[in-house]
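Structure, as C-alpha cells:
The values are calculated or read from the model by the stated rules, or taken from the named source; none is laboratory data. Since the structure is predicted, the reported quantities are computational estimates derived from the model, not experimental observations. Note that each Cβ is placed from the backbone with ideal geometry, even for glycine, and that neighbours are counted across all protein chains shown.
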Amino acid sequence: MNATRVGQRARRRGAIRITLLAAALLAVAGTSGGCKPNEPPQILRTWPATGTPRIVLRKVIHGAQDVEPQTGLAAFIRNLAGPTKQVIRRPQGIAVDDRRRLFVVDQENQGVHVLDLDKGEVHFIDRAGKTAFVSPVAAAWCDGKLAVSDNALKQVFWLDASGKLLGTVNAPGGWRRPTGLAWDSTSHELYVVDTVTDEVLVFGGDGQLVRKFGQPGTGPGQFNAPTHLSVAPGGPVLVADSLNYRIQLLDRTGKPLLAIGKQGDASGHMGLPKGVGIDALGHLYVADSGLAAVQIFDQKGDLLLGVGERGSGVGEFEIPTGMAVRGNMIYVSDYFLSRVLVFEYVGGEDDHEQAQ
C-alpha cells in the first residue's frame, strides 16, 4: 500500500470523526427544545369518559425514548447504540422511589430498566453481582435498596439503584417460585409471595424471616397461585389471589379482613388479577390480565371505577400485569403491548362514586 492511499484513508477517517462530533455538538445545542423532564403535565385520556375526571392518563412509556430528551447527546448516543436494552419488551413488576425513578422489570430483556422521570436519565440492570438475571418478575423499592425477584433463579436480591449487589433474601428451605414483592416503609419489612407454596413471607431489613402466612385453599387467608401484593404503610396487605379470582385484604399478620371479586367478566368480577396497589386515600387498584382493565375499589370492596378496556389504543390494555402506586400516581405495565402507562388519581378525597 503506497503512502498516497494511506493518506487518503486517514483523511476519510478524520472526516467521519469530524462529522460525528459535529452532529453530537449540534444535538447538544438543541437540548433546550426537547427536554422531557420539563414538559408540562399532559392529559391523554380521562375516566369516567363524561363528567368530572377521577383518573387521568399522563404518559405512555415504551422505553428510553419516552424518558430521555429527544434531542441532544443522549438521543444521539442512543441512536448509535441501538434499541437492544433501551426498549421495554415484556414488562412485569414495577417499583417507584421517592425521586420518581421507575424500576421496570423486563422479562424478555432479562433485567430492570431504571427510568428517572425527573432527570430524563436511564440505565439498565442485567445482573445481581456476577449472576445474570434469567426471569426477573417483580421489584420493590426498600428505603434505599431495590429488591428484585427472579423465579427461574429462585432468588430474591437486594441491589442499590445502580445495580450493585447488596445481599440476598433467603426463604427457609429455599424458594419455590418467588414472585410479588412489597415494602412496608413503616415497619421496614419486605413481603414476598411464593406462588408455588401459596405463602407470603415477611422479612426484616436485615433479610431475616420475621413471619409468614397463607396456605393452599379457597377459604379466607388461603391462596391459589398468588402473584402480586401491595402494603400500605403500617398495613393492610393486599394480595392478588390469582387463581381464586379474587383480591384478599389482610392485616400485617395475615388475618383475613376482606375478599373482593369472583371469577367472571362483569364489573367487579375478576378474570386474572395481577398487579395491585393502594393510593394515598386508601383506594384499592387491581390490574386484571384477563379483563384487560384496571378496577378501583374502596376498602369495603365496593367498585368505584373501571379504567381501560382491551385494545392497543390510548389508555387500552392487552395484558396488564405489574403495578406500582405512590401517592396518587399509578403505574401499570402491559406485558403484551410492551409499555408502561402512567395514571394519576385527581378525584376528591370523599369520592366514592360508583362505576356506571
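Only one of (1) surrounded by fewer than 23 Cβ atoms within 10 Å (Cβ to Cβ); (2) in contact with a strand residue (DSSP E or B) (Cβ under 7 Å, 6 or more places away or on another chain) fails for Gly217. Which number is that?
Looking at each condition in turn, Gly217 falls short on (2).
Take segment 178-191 and flag every residue that is closer than 17 Å to Thr321 by Cα and not small (Gly, Ala, Ser).
Within segment 178-191, Pro178, Thr179, Leu181 qualify.
Scan segment 119-147 residue by residue and report those that are surrounded by 17 or more Cβ atoms within 10 Å (Cβ to Cβ), over 22 Å from Gly204 (Cβ atoms) and either of a type in the set (Gly, Ala, Ser) or free of Cβ contacts under 8 Å to residues at least 12 places away in the same chain (or both).
Answer for segment 119-147, where residues must be surrounded by 17 or more Cβ atoms within 10 Å (Cβ to Cβ), over 22 Å from Gly204 (Cβ atoms) and either of a type in the set (Gly, Ala, Ser) or free of Cβ contacts under 8 Å to residues at least 12 places away in the same chain (or both): just Gly120.
Within segment 222-232, work out how many residues are more than 19 Å from Asp302 (Cβ to Cβ), of a type in the set (S, T, N, Q) and crowded, with 20+ Cβ neighbours inside 10 Å.
Of the residues in that region, 1 qualify.
If you take the residues in segment 194-214 that are among the hydrophobic types (A, V, I, L, M, F, W, C) and within 17 Å of Ala259 (Cβ to Cβ), which one is surrounded by the fewest Cβ atoms within 10 Å (Cβ to Cβ)?
Phe213
Select from segment 170-194 the residues that are farther than 22 Å from Gly234 by Cα, part of a strand (DSSP E or B) and hydrophobic (A, V, I, L, M, F, W, C) and list them in ascending order.
none
Would you mind telling me which numbered condition in (1) outside any loop (DSSP other than H, G, I, E, B); (2) of a type outside the set (D, E, K, R); (3) modelled with pLDDT under 95 Gly235 fails?
In the conditions (1) outside any loop (DSSP other than H, G, I, E, B); (2) of a type outside the set (D, E, K, R); (3) modelled with pLDDT under 95, Gly235 misses (1) alone.
Filter segment 233-271 for residues that are farther than 16 Å from Ser289 by Cβ, small (Gly, Ala, Ser) and either in contact with a Phe, Trp or Tyr (Cβ under 6 Å, 6 or more places away or on another chain) or buried (at least 22 other Cβ atoms within 10 Å of the Cβ) (or both) and give the result.
Once the filter is applied, which keeps residues that are farther than 16 Å from Ser289 by Cβ, small (Gly, Ala, Ser) and either in contact with a Phe, Trp or Tyr (Cβ under 6 Å, 6 or more places away or on another chain) or buried (at least 22 other Cβ atoms within 10 Å of the Cβ) (or both), segment 233-271 yields only Gly254.
For Pro172, which of the numbered conditions (1) surrounded by fewer than 22 Cβ atoms within 10 Å (Cβ to Cβ); (2) within 17 Å of the chain's Cα centre (by Cα); (3) over 25 Å from Leu337 (Cα atoms) fails to hold?
(2)
If I filter segment 97-110 down to residues being surrounded by fewer than 23 Cβ atoms within 10 Å (Cβ to Cβ) and in contact (Cβ under 8 Å) with a residue 24 or more places away in the chain, which single residue comes out as farthest from Pro320 (Cα to Cα)?
This residue is Asp98.
Within segment 90-138, can you find the residues that are part of a strand (DSSP E or B) and at pLDDT below 95?
Matches in segment 90-138: Glu121, Val122, His123.
For segment 280-289, state whether one or more residues are in contact (Cβ under 8 Å) with a residue 40 or more places away in the chain and more than 21 Å from Asp184 (Cβ to Cβ).
yes
Being under 22 Å from Arg326 (Cα atoms), charged (D, E, K, R) and modelled with pLDDT of 95 or more is the filter here; which residues of segment 252-284 pass it?
Across segment 252-284, the qualifying residue is only Lys274.
Out of (1) buried (at least 22 other Cβ atoms within 10 Å of the Cβ); (2) charged (D, E, K, R); (3) within 25 Å of Asp66 (Cα to Cα); (4) in contact with a Phe, Trp or Tyr (Cβ under 7 Å, 6 or more places away or on another chain), the odd one out for Asp150 is which?
Only one criterion in (1) buried (at least 22 other Cβ atoms within 10 Å of the Cβ); (2) charged (D, E, K, R); (3) within 25 Å of Asp66 (Cα to Cα); (4) in contact with a Phe, Trp or Tyr (Cβ under 7 Å, 6 or more places away or on another chain) is unmet by Asp150, namely (3).
Could you say whether any residue in segment 305-328 is farther than 21 Å from Arg89 by Cβ, over 21 Å from the mean Cα position of the chain (by Cα) and surrounded by fewer than 24 Cβ atoms within 10 Å (Cβ to Cβ)?
yes
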